[in-house]
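Here's the structure, in structure tokens; my notes come after.
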Amino acid sequence: MEPVVDAIIVSSLNSGTECLQVYDSATGTQLKSYRGLPAASSSLCSVGHAAYLLTAQRDKPFLQTWFIHQHDVQQIRLVVPGKVTAMAVNPVGPKYCIIGIGEKIYIYKLLSGRLIGIASRHYQPVTQLVFSPCGNYFASSGEDGFVYLWSLSSFIEALHKVHAPQPQPHFVLGQHSDKVTGLAITSPGMRGFLVSSSLDHTARVFDLVTGRPLYCLVTADAVTSIASNSLGSQLFLGHADGTVKVVDLLPPPPHGDVEVSRKGVLCHEKSVRHLAVTPSGNHLITGGDDGEVKVWVVTSSTLDTPDATTTRLPHLAHKRTVHTGRGPITNLAIKQISREVLNAPELTTKEVIAPFSQDHSSPLSCPVTVPIKGRSAPHPQLADIFQPVESSPQVFASGGDSEASNDMLHNTVEQLKVANSQLYDFALKHIIGDFEV
């Protein structure tokens with residue numbers, strides 16, 4: 001068996017007490033499950049490379065989190081202002097959680113639980129949130145059809161200003177004429193593409209560097225989900241009739257409208273709600289309203305054209321069904337996980353998730369509580385690091401000895417300054433330095 005697997009993480013509408021299930025995409029076996037309340041759609045996130053899983057509760061203003069190696073939910077109070085419609089966590093750097101609640105986007109810093117900012121640009125509820133691979137930007141979409149690209153640094157900068165204006169989008173990428181159902185960003189980050197799908201029978205491709213639209217893929221059916229391989233060379237469009245169509249962007253077609261006329265592969269009996277591509281790009285994972293999660297092999301066939309050229313046509317071949325019978329799929333994700341991590345009795349992680357602040361009136365007024373994990377036992381070199389201050393009682397004379405008393409007080413203050421400086425250096429080196437900043 002391979003030590004690292006492409007794990008499929010799934011949540012369903014009728015999952016019961018088992019909130020999440022994890023399957024091996026190569027064999028279809030169930031690797032693990034996580035106990036909890038039913039998860040809200042489009043809210044499954046992973047924190048760190050192998051640390052936590054995070055979801056929002058369906059129909060309740062709460063989040064729930066698990067250590068990736070533990071079955072039961074963690075007892076961390078994560079209360080948000082309302083029911084969550086979309087959620088994402090940045091993949092690198094200090095971890096921030098963006099949450100769509102109604103028409104607003106709330107941003108929390110997981111290390112402190114502090115509210116960083118609130119964006120109110122959508123006119124109808126937020127449907128999708130996704131971070132760029134670099135973690136510096138994120139995209140949002142809503143039922144109003146708008147697609148925005150945001151800069152995370154603009155929210156952090158506004159936090160340190162007393163009279164800061166409301167953060168504005170980095171780019172207004174475009175507007176569909178109907179609800180946006182999916183967002184996908186290719187892995188090269190700001191040199192890649194952002195793709196949005198909509199019920200208006202289109203999927204649009206945007207350049208993240210300029211914010212300009214490149215392609216508008218027009219299909220005969222409503223597009224209910226979207227996914228891309230890591231290079232952005234292939235797009236997968238899920239439809240309301242249960243079919244999936246594969247679109248090749250290499251060689252790149254002329255900019256503008258592109259008609260997708262090829263017949264898709266029937267993958268589900270009902271709408272295809274979730275799509276995910278393995279890191280290798282060789283397999284596609286689909287999840288539908290029929291309650292099934294399937295693994296498909298991405299293949300290609302050759303076609304001879306009248307001009308004596310050969311065209312390679314992408315195709316999907318069914319490999320296996322890994323999940324069924326628990327209601328419509330609400331979340332679907334692919335994550336490369338080590339088997340040892342999933343089954344480890346103990347796991348050391350540098351990630352910290354703190355309880356969320358309950359003051360949502362202004363980010364500046366939120367109290368900051370930072371949990372610090374230090375050493376429970378005294379440091380073995382503690383005696384060598386610190387030079388203790390003289391603890392013997394000092395008797396200060398009065399009258400003619402006032403000058404000597406002042407000198408003794410001055411020496412004591414200087415010793416305290418040295419001790420405080422040593423304590424500060426020790427904390428930086430042995431406590432804060434153990435965590436990812």
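The values are calculated or read from the model by the stated rules, or taken from the named source; none is laboratory data. A quick note: this is a predicted structure, and the numbers were derived from the prediction, not measured. No Cβ is skipped: glycine too gets one built from the backbone with ideal geometry, and neighbour counts run over all protein chains shown. In case anyone asks, the SASA skips ligands and DNA or RNA and just uses the protein heavy atoms, side chains included. Shrake-Rupley method; radii C 1.70, N 1.55, O 1.52, S 1.80 Å.
Every condition in (1) open to solvent by 30 Å² or more (accessible area, probe 1.4 Å); (2) under 19 Å from Ser177 (Cα atoms) is met by Pro251 except one, and the failing one is (2).
Within segment 77-117, the set of residues being open to solvent by 40 Å² or more (accessible area, probe 1.4 Å), farther than 22 Å from Pro169 by Cβ, over 15 Å from the mean Cα position of the chain (by Cα) and touching a residue at least 60 places away in the same chain (Cβ under 8 Å) comprises Arg77, Arg114.
Let me confirm something: among Gly281, Gly211, Gly232, Gly287, which residue is farther than 24 Å from Ser301 by Cβ and either assigned to a loop (DSSP other than H, G, I, E, B) or open to solvent by 20 Å² or more (accessible area, probe 1.4 Å) (or both)?
Numbers: Gly281 fails: farther than 24 Å from Ser301 by Cβ; Gly232 fails: farther than 24 Å from Ser301 by Cβ; Gly287 fails: either assigned to a loop (DSSP other than H, G, I, E, B) or open to solvent by 20 Å² or more (accessible area, probe 1.4 Å) (or both).
Result: Gly211 is the single residue among Gly281, Gly211, Gly232, Gly287 that is farther than 24 Å from Ser301 by Cβ and either assigned to a loop (DSSP other than H, G, I, E, B) or open to solvent by 20 Å² or more (accessible area, probe 1.4 Å) (or both).
Provide a single number: the residues in segment 159-169 that are open to solvent by less than 80 Å² (accessible area, probe 1.4 Å) and free of Cβ contacts under 8 Å to residues at least 60 places away in the same chain. Let's see the steps before the verdict.
Initial filter on segment 159-169 (open to solvent by less than 80 Å² (accessible area, probe 1.4 Å)): 159, 164, 167, 169.
The next check asks that each one be free of Cβ contacts under 8 Å to residues at least 60 places away in the same chain; those that pass are 164, 167, 169.
Of the residues in that region, 3 qualify.
The condition of being within 20 Å of Pro213 (Cβ to Cβ) and modelled with pLDDT under 95 holds for only one of Leu173, Leu159, that being Leu173. Across segment 1-29, which residue is surrounded by the fewest Cβ atoms within 10 Å (Cβ to Cβ) among those that are of a type outside the set (Val, Ile, Thr) and in contact with an Asp or Glu (Cβ under 8 Å, 6 or more places away or on another chain)? Filtering segment 1-29 for residues that are of a type outside the set (Val, Ile, Thr) and in contact with an Asp or Glu (Cβ under 8 Å, 6 or more places away or on another chain), the one surrounded by the fewest Cβ atoms within 10 Å (Cβ to Cβ) comes out as Pro3. Given Val258, Val209, which one is out of contact with any Ser or Thr (no Cβ under 6 Å at 6 or more places or on another chain) and more than 27 Å from Pro169 (Cα to Cα)? Exactly one residue qualifies, and that residue is Val258.
Would you be able to say whether some residue in segment 218-225 is closer than 15 Å to Ala139 by Cα and part of a strand (DSSP E or B)? Let's see the steps before the verdict.
Initially, segment 218-225 is screened for residues closer than 15 Å to Ala139 by Cα, giving none.
There is no residue in segment 218-225 that is closer than 15 Å to Ala139 by Cα and part of a strand (DSSP E or B).
When you go through (1) under 20 Å from the mean Cα position of the chain (by Cα); (2) assigned to a loop (DSSP other than H, G, I, E, B); (3) crowded, with 16+ Cβ neighbours inside 10 Å one by one for Gln74, which number turns out not to apply? Here Gln74 clears every test but (3). Which pairs have Cβ atoms under 9 Å, sit 6 or more apart or on different chains, and link a residue in segment 236-250 that is basic (Lys, Arg) to one that is part of a strand (DSSP E or B) and surrounded by fewer than 23 Cβ atoms within 10 Å (Cβ to Cβ)? Listed pairs, sorted by first residue: Lys245/Val265.
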